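Beneath this line is the structure, given in structure tokens, with notes to follow.
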Ligand code: FDA
């Protein structure tokens, strides 16, 4: 008898090589952490699925050095401009909304908020780019390898995996396991994670097809074309056309009622379905693939249980409205990756790992709820068109045909379309992730507000929608240097190079951003970096400074004084804001770093009490 293979040993077992698992694999490999990433399939995603890639996610790719690689194979932001509602491509256009920050009303808000632009990149094109980056950092990616079971042991985690080509089972022994294994997560099941919400709220078909619709799109380029004909009072109407490649390759998203039976997925039936919303029999349609999926509204109550973590769809499942699925997943990995690296390198204690759930679960909850609300908020469009359950097709068409003759109905349609800004121009939900956790040193004014919503920063607005009386948490991004906020973006010049403030931080290390005067911070950073054995660099940002705030944008969005400093984590989150130089910068910085890395005891002479004393 052949002896069983010897167990593999690693620090982190990442289960899943979708957008979440691949991003995590890339971060861990870049940080020099020993990890194995497994996926049950022989390749990365084989169909388009998710596609909207927002600015925060592009910033993650910027940090990993692959932003340009992603841009090179993506459809650019300019082609995402129009959201079109029509009876068919060739038929009556009902309404149009400029989306994803491309319209003149919002483009400035998007441009000022980030160095990166949103793009449209289908998942089967994106995943190989991240996988290539992970491999280039030295990641160990194992395809056709399935997690069968896993259990926590006193030493770590013991996982049984099966090679799907040979059927052979083997053990992987790891310090930590991350369930990046999608909506049917085996890790969630094995470690008994609990979830809140409902599954199976709707059934959908994704029909991936070729159809040259250039003549109907090049004067109104967009990502989503919503077809509205009577008799289809679903969220996606008679079918939503999602652009894969301008304007010849698409995913047609249709919903159906399983109570009426499963849909006919023969090529003939799918071509007929597609042609009914093209409205031009001369356009040839060729089906590439069809898949079914469900609408869920579910989030894990905790993202961590002992040595097991959930990330991506394993932790949150929601409709694709707002395009937040892949984005939230990749951002989970960005939050978790550096924390695992820090713990495994001995730069942090276990407490830091707890902050992953504290920080990302409220984001998941918010995203899941927003996406579901956006689905419900599409109802008023069908109502404005005069579609009602139970009406005949003739009644529906008659109602639609009378739409533009009635000023009250036109007004109703405008309001229904404007409501869609909460789905298609929701900069606040795309960028605004404000963390409250044990790893964030609260500002003095925060002490009474530890329980505040993650969506409600309180510093003054800069660059918010000009028409808004007050910033809307979902529509507007409010840059802030308050602890727990993502470092705001401002363009600065250094050594005749134009850089974003985001380029001064990240790459797996910590950064201390200082004001106009050094105030002893550089020396403090060097001392603390040596004592705690962490990578901690400094960057001085001010008008006329080393990083020259020539556009005085940093001055507008930062509350840093000349002698203050911001401690920025490897994931570009501000962990500590020291508005003015404390009496002893070294002690204050040491104490802040200890809180931010979850350390219970200092490695040098200071303790957390020092922070309060030193900043007084
Ligand atoms: P994802 O599901 O992508 O990857 C899971 C990984 O885990 C895979 O590599 C799989 O092989 C692996 N795995 C699972 N079980 C395993 C096991 N036991 N052992 C080993 N490996 C295992 N979102 C959106 O924003 N817009 C959209 O239009 C769509 N459309 C869409 C269509 C369809 C058909 C689906 C299924 C999903 C979408 N989504 C979407 C959701 C979007 O695809 C989703 O949010 C991301 O793929 C989540 O990425 P993850 O990496 O978390 O999971």
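FYI, it's all coordinate maths here, none of it is from the lab. Predicted model only: the values in this text are computed from it and were never measured. FYI the Cβ positions are ideal-geometry reconstructions off the backbone, even for glycines, and counts take in every protein chain you see.
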- Cα extents of segment 65-209 per principal axis, largest first, Å, are 61, 39, 31
- Length released on extending from residue 104 to residue 171, taking residue separation times 0.36 nm less the Cα-Cα span: 18.5 nm
- Query: How much FRET efficiency would the formula 1/(1 + (r/R0)^6) give for residue 373 and residue 268, where r is the Cβ-Cβ distance and R0 is 41 Å, rounded to 0.05?
  - Reply: 0.65
- Item | DSSP bridge pairs, the chain: antiparallel proportion in percent, nearest 5 | 70
- What spacing in nm lies between the two simple spin-label points modelled at residue 284 and residue 219, each 7 Å away from Cα in the Cβ direction? 2.6
- Item | Peptides 375-385, 405-415, 426-436 ordered by average Cβ neighbours within 10 Å, highest first | 426-436, 375-385, 405-415
- Based on the Cα atoms of segment 196-270, what semi-axes does the equivalent ellipsoid have, where each is the square root of 5 times one gyration tensor eigenvalue, given in whole Å with the largest first? 25, 15, 12
- Inter-site label distance for residue 444 and residue 135 at 7 Å from Cα along Cβ, in nm: 5.5
- Treating each Cα of segment 306-434 as an identical point scatterer and ignoring solvent, apply the Debye formula and state log10 I(q)/I(0) at q = 0.19, 0.23 Å⁻¹. -1.01, -1.23
- Query: the chain: D in µm²/s via Stokes-Einstein (Kirkwood Rh, Cα pairs, 10 °C, 1.306 mPa s)?
  - Reply: 62
- Message: From the gyration tensor of the Cα coordinates in segment 248-370, what semi-axes in whole Å does the equivalent ellipsoid have, largest first, with each one equal to sqrt(5λ)?
- Response: 42, 15, 12
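Once you have the Cα-Cα distance between residue 291 and residue 160, take 0.36 nm times their residue separation minus that, and quote the gain in nm to one decimal.
Details: separation 131, 0.36 × 131 = 47.16 nm, distance 2.93 nm.
This chain segment gains 44.2 nm when fully extended.
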- Query: How far is helix 521-532 tilted off the main Cα axis of the chain, in degrees rounded to 10, range 0 to 90?
  - Reply: 90
- residue 41 label point, 7 Å along Cα→Cβ, cut-off 13 Å on backbone N: hits in segment 175-192? 181-184
- Debye log10 I(q)/I(0) at q = 0.16, 0.26 Å⁻¹ for segment 113-197, Cα point scatterers: -0.87, -1.29
- Would you kindly give the portion of the calculated P(r) for segment 476-593 that falls above 21 Å, as a percent of all Cα pairs? 30
- Return one number: the angle in degrees, 0 to 90 and rounded to the nearest 10, between the long axis of the Cα atoms of helix 350-376 and the longest principal axis of the Cα atoms of the chain. 20
- Take peptides 285-297, 82-94 and line them up by average Cβ neighbours within 10 Å, highest first, as a rough protection proxy. 82-94, 285-297
- So the angle from the long Cα axis of helix 19-30 to the longest Cα principal axis of the chain, reported in degrees to the nearest 10, equals 30
- Query: Over segment 1-67, what number does the Rg to Rh ratio reach, with both radii from the alpha-carbon atoms and Rh per Kirkwood?
  - Reply: 1.09
- Query: Points 7 angstrom from Cα along the Cβ direction at residue 388 and residue 345: gap in nanometres?
  - Reply: 6.5
